[in-house]
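Enquirer: Okay, handing you the structure first.
Every number here is computed from the coordinates shown, using simple stated rules; none is lab data. Because the structure is predicted, anything quoted here is derived from the model rather than measured. We place every Cβ from the backbone using ideal geometry, glycine too, and count neighbours over all the protein chains shown.
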Amino acid sequence: MPVFATGFGKVLRAPLRRICKGFTPMKKHRPGRTLRRVLIIHKDSTYQTEALEKKDPRFLKLIQEGSEVVRTVSRTHEQHVRTMEQVEAALAARGIAYGVVNRQHSSAVGEDVDLIITVGGDGTFLHSARECTNIPILGVNSATSTSLGHFCLANGDTFGDVLDGIVSGKRRWHRLARLQLVLNGEALPVPVLNEILVHDAHPAGPCTNFIELDGVSEKQMSSGIYVATAAGSTGANRSAGGRILPITQRQFLYLVREPGMRPGDDWQLLGGAIAPHAQIKITSRMSEGKIFADGKYGFVYDFLRGDELIVRLHPQDLRAYIDPTVNSRYGTIK
């Protein structure tokens, strides 16, 4: 059970509820409204996990040898701890009750939470946002020396000012579109904020499928298919040569990675933007296909021969305090 503390020594407790369909509906967080309680969801640093908890001999040996492979882990651990202290101090100084939970246990939170604060990087933000419905979320980058923190509006040094902006109404949350996956006619329960990758179970295996969009259907072979939100357009999609959209855009994207066209092939469906009301359909021809949602620490679904996947916008957006111009750091937005 999370403990909610205030800067005045009061301890408040709340029963656990899921941040999902069964979560008690909350009133919309209106700009300028006083924050009563917030929940901090944090990660454990690599040093915390590997050195202090697991005491992994190989990791400790690399640390002792001063290996470049682990050169930054001690410093980033110290930064993470310091950021947690700064976030808690800022909340306590303003008399805002808060609870703290590790992201491994973040499927349960206290009732009546007005804001979720993630302390970590983009992985912690994605993990925490996965089941958020009507609760706004704010990301705090806890290790700016090594973490990009694309979704993180604040860091330890700026958190207090960002928090004041939220309370005063100068900062407002933005809606981020998410993807809904419908597999064989059944909507999967978890919305996707970044992207999905349709791929063979083996990294070197070919991705074979039928792809259908806007009345056009093609039989294809490639090294995988990305379908990304605007928020996720700067991630794997961009690295593979895909377009970048403004983070608050309602369109979403698809990209066929390394298409295996033979002489005479002239595929039309290789990538581009999909209108907010449209959907893309992928039918598997793979005996061991997979759908990877939101990266390594997201969800994986089997996608076997004959399975049909429809990807469309999720009916519920994420409410996030982000920089609406953040995607422009990568250059021209198409």
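Enquirer: Compute the signed sum of charges (Lys and Arg +1, Asp and Glu -1) over the other residues within less than 12 Å, Cβ to Cβ, of A240.
Expert: +1
Enquirer: I've got another one for you. Report the residue, chosen from P263, P203, P189, that carries the largest GNM mean-square fluctuation when the chain is represented by alpha-carbon nodes joined by springs under 10 Å.
Expert: Per the Cα network of the chain with a 10 Å cutoff, P263 tops the list.
Enquirer: Now for a separate question. Please give the FRET efficiency for S145 paired with Q316, using the beta carbon to beta carbon distance and R0 = 25 Å, rounded to the nearest 0.05.
Expert: Calculated transfer efficiency: 0.10.
Enquirer: Relative to the first principal axis of the alpha-carbon coordinates of the chain, what is the inclination of helix 159-168, with its axis defined by its Cα atoms, in degrees from 0 to 90 and to the nearest 10?
Expert: It works out to around 90 degrees.
Enquirer: Please report S67, S147 as a ranked list, fewest other C-beta atoms within 10 angstrom at the top and most at the bottom.
Expert: Ranking S67, S147 by Cβ neighbours within 10 Å, fewest first, gives S67, S147.
Enquirer: Let me ask something additional. Have a look at the DSSP beta bridges in the chain and tell me what percent are antiparallel, nearest 5.
Expert: Values: 56 of 77 bridges.
Approximately 75 percent, going by the DSSP bridge assignments.
Enquirer: I need the shape label for region 178-266. Rule: rounded when a/c is under 1.5, else prolate if a/b > b/c, else oblate, with a, b, c from the alpha carbon gyration tensor.
Expert: Since a/c reaches 1.5 and a/b is larger than b/c, the shape of region 178-266 is classed as prolate.
Enquirer: If the cut-off is 20 Å between C-alpha atoms, which aspartates and glutamates fall inside it for K296, apart from same-chain ones fewer than 8 positions away?
Expert: Cα-Cα hits under 20 Å: D44, E50, D122, E131, E195, D200, E288.
Enquirer: Once you put a point 7 Å from the Cα of K281 and another 7 Å from the Cα of R71, both along the Cβ direction, what distance in nm separates them?
Expert: It works out to 5.3 nm between the two label points.
Enquirer: To continue, here is another question. Relative contact order of the chain, please, whole-number percent, based on alpha carbon pairs below 8 angstrom and at least 6 residues apart.
Expert: After rounding, I find 18 percent.
Enquirer: Determine the gain in length on full extension of the stretch R172-A187; use 0.36 nm per residue of separation and subtract their C-alpha separation, reporting nm with one decimal. Before the final figure, lay out the partial values.
Expert: Values: separation 15, 0.36 × 15 = 5.40 nm, distance 3.06 nm.
Using 0.36 nm per residue and subtracting the Cα-Cα distance, I get 2.3 nm.
Enquirer: Run lengths n ≥ 4 of DSSP H only: what is the helix-derived mean residue ellipticity at 222 nm for the chain, with -39500 (n - 2.57) per run over all residues, to the nearest 500?
Expert: So the calculated ellipticity at 222 nm is -4500 deg cm²/dmol.
Enquirer: For T34 and H105, FRET efficiency with R0 = 41 Å and r from the beta-carbon atoms, rounded to 0.05? All intermediate terms of the calculation are to be shown ahead of the outcome.
Expert: Values: r = 27 Å, r/R0 = 0.67.
My answer for the efficiency is 0.90.
Enquirer: Evaluate the distance, in nm, between pseudo-label points positioned 7 Å from the Cα of R329 and of K61 along their respective Cα→Cβ axes.
Expert: 3.7 nm
Enquirer: If you build a Gaussian network model of the chain, linking Cα atoms that sit under 10 Å apart, which residue out of R175, R262, R94 swings the most?
Expert: R262
Enquirer: Now for a separate question. Using only Cα atoms, locate the centre of region 180-195 and the centre of region 310-329, then give the distance between them in Å, rounded to an integer.
Expert: 16 Å
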